[in-house]
Amino acid sequence: MEALTDTHAVVINGARHVDKSTLVQAIVRQTAGAGESHLDQAAVCAAARQDPDGVVHHDGLLLIDAGT
């Protein structure tokens with residue numbers, strides 16, 4: 001949690017099925033103005049390919065879930 005206060009990007013990685021997404025989604029729910037972008041959704045993935053800057057432009061906390 002401390003890294004979220006002073007770092008522009010934080011990567012949560014680890015083995016499959018260890019609740020990484022669940023942890024991050026809980027943080028997003030507790031953070032006012034936070035957003036989510038799930039790259040395993042076809043429309044979001046296509047938008048990211050067309051306009052990567054547009055997909056990540058967000059004031060505040062933004063969860064980008066690669067879904068893989």
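The values are calculated or read from the model by the stated rules, or taken from the named source; none is laboratory data. Just so it is clear, the model here is predicted, and its values are computed rather than measured. We place every Cβ from the backbone using ideal geometry, glycine too, and count neighbours over all the protein chains shown. To get the accessible areas, we keep the full protein, side chains included, count just its heavy atoms, and leave off ligands, DNA and RNA. Shrake-Rupley method; radii C 1.70, N 1.55, O 1.52, S 1.80 Å.
Here are a few things to note about the model shown:
- Filter result for residue 40 (touching a residue at least 40 places away in the same chain (Cβ under 8 Å) and within 14 Å of the chain's Cα centre (by Cα)): no
- Taken over the range 1-37, the criterion of being of a type in the set (Gly, Ala, Ser) and under 11 Å from the mean Cα position of the chain (by Cα) is satisfied by 9, 21, 34, 35, 37.
- For first residues located in the range 45-67 and closer than 13 Å to residue 24 by Cα, partners that are in a helix (DSSP H, G or I) and open to solvent by less than 80 Å² (accessible area, probe 1.4 Å) and lie 6+ apart or on another chain with Cβ distances below 6 Å form the pairs 63/24; 63/28; 65/21.
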